[in-house]
Amino acid sequence: MRQPPVFDLVGKRGWFYLFSLLILLPGAISLMIPPRLTLGIDFSGGSEFTVRFEQPVSKDELTSALDDLGHPEARVQGTGESEFLVRTKELRGITSAPALGPAPSAEQETIQEGLVERFGSMLDGQDNVIDRFLESSLISETVSREIARNATIALIVASGAIFLYLWYAFRSVPQPFRFGAAAIIALLHDVLLVVGIFSILGKVIGTEINVMFISALLTVIGFSVHDSIVVFDRIRETVGRDEKQTFAEAVNDSLLQTLARSLNTSLTLVFALLALLLMGGDSIREFLWAMLIGTVAGAYSSICIASQVLVSWNEGDASRWFRRFFGRSEPEEEEEEEEYEAVPAEG
């Protein structure tokens, strides 16, 4: 007689679904309320300029100076020794021509004068002293919309490729498309959680999304699917090894066998991200927060969503819950549950 498992994770899948619903619901509601997300300069348009100083200047010093000059949203990226690429909201009157041409706007002049007063002279490409930015241009709304469109396409293509790969990778088990679909459901769970939280933070404290945020989402997708594949692979081995086990028992055993590995892998990444957040890194703050939230969500979804969806699909949970919700009672003996045959794993 088979002994009952020490921890029946599969038997608690209904509670896992309820918990996920509760944590996803606030973000989903926030995404329905305009503005759905607070867009950064990369997606809303703005101004961009390159500045080079004669004296040594650090990125943090320049960021602080721009904050004092009324541009706390400025994103500063080092491009050389005391040379920086800066993105801000649109500076009134700035043109797409080099700053050495037409006269800059009053707002641009104010920034230039403030930076010269704090850091000294600025230089051009030939090390000549100038009183203007090295280059300046506009980031048009058209370009921003193109970035947003490409980011959306990248997310969709990545999800589709993952689904097809998992379908092929688990072709040795019955109905392998379920593994791909379950991984995509867990992936969407993680992405929706991250985007929902950023939607709430955008409304509450003005947190913006930018290209770094999209990079974090794509990275989160990779980690989420990686954790799910580890569990799925163990499920395939367990199903093929013991034909007397039900599919739910095989999944539960697989989860218990991989639980420590999944948690340890995620915790090491969480500690690294926390260290980076504590050290600073304002220019990649959105990336770090999105990665941190996504890593925790990915560890949870690989155990409590992806694998549980496989069991629910095999056990016919959806139809049973549907009948229960709408009050339709049918004799239990007439309920048909799809049989999942054990097939030995290849290799």
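Going through the range 214-251 one residue at a time, which ones are of a type in the set (Ser, Thr, Tyr), in a helix (DSSP H, G or I) and modelled with pLDDT of 85 or more? Please lay out each step first, then the result.
Residues of the range 214-251 of a type in the set (Ser, Thr, Tyr): 215, 219, 224, 228, 238, 246.
In the following step, the residues that additionally are in a helix (DSSP H, G or I) were identified as 215, 219, 224, 228, 238.
Scanning the range 214-251 gives 215, 219, 228.
Within the range 120-139, is even one residue within 22 Å of residue 299 (Cα to Cα), over 21 Å from the mean Cα position of the chain (by Cα) and of a type outside the set (Phe, Trp, Tyr)?
Taking the range 120-139 and keeping what is within 22 Å of residue 299 (Cα to Cα), we get none.
No: zero hits.
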- prompt: Which residue, of 197, 205, is surrounded by fewer than 20 Cβ atoms within 10 Å (Cβ to Cβ), under 23 Å from residue 296 (Cβ atoms) and either modelled with pLDDT under 90 or under 19 Å from the mean Cα position of the chain (by Cα) (or both)?
  reply: 205
- request: Would you mind listing the strands (runs of 3 or more DSSP E) fully within the range 1-90 where at least 2 residues are small (Gly, Ala, Ser) and farther than 30 Å from residue 299 by Cβ?
  value: 46-52, 75-80
- request: Look through 13, 75, 87 and report the one residue that is over 30 Å from residue 133 (Cβ atoms) and among the charged types (D, E, K, R).
  value: 13
task: Specify which of the listed residues (301, 307) is surrounded by 16 or more Cβ atoms within 10 Å (Cβ to Cβ), assigned by TED's automatic domain parsing to the domain that holds residue 228 and over 14 Å from the mean Cα position of the chain (by Cα).
output: 307
- prompt: When you go through (1) surrounded by fewer than 16 Cβ atoms within 10 Å (Cβ to Cβ); (2) of a type outside the set (A, V, I, L, M, F, W, C); (3) touching a residue at least 12 places away in the same chain (Cβ under 8 Å) one by one for residue 171, which number turns out not to apply?
  reply: (3)
message: Cβ-Cβ under 6 Å, sequence separation 6+ or interchain: first residue in the range 39-60 and within 11 Å of residue 74 (Cβ to Cβ) and touching a residue at least 60 places away in the same chain (Cβ under 8 Å), partner among the β-branched types (Val, Ile, Thr) and assigned to a loop (DSSP other than H, G, I, E, B). Which pairs?
response: 47/94
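Looking at the structure I just gave you, is residue 260 surrounded by 15 or more Cβ atoms within 10 Å (Cβ to Cβ) and either within 23 Å of residue 12 (Cα to Cα) or under 15 Å from the mean Cα position of the chain (by Cα) (or both)? First the steps, then the outcome.
On the way: surrounded by 15 or more Cβ atoms within 10 Å (Cβ to Cβ): no; either within 23 Å of residue 12 (Cα to Cα) or under 15 Å from the mean Cα position of the chain (by Cα) (or both): yes.
For residue 260, the condition - surrounded by 15 or more Cβ atoms within 10 Å (Cβ to Cβ) and either within 23 Å of residue 12 (Cα to Cα) or under 15 Å from the mean Cα position of the chain (by Cα) (or both) - is not met.
The values are calculated or read from the model by the stated rules, or taken from the named source; none is laboratory data. Keep in mind that what you see is a predicted model, and the values were worked out from it rather than measured. Neighbour counts run over all protein chains shown; Cβ positions are idealised from the backbone, glycine included.
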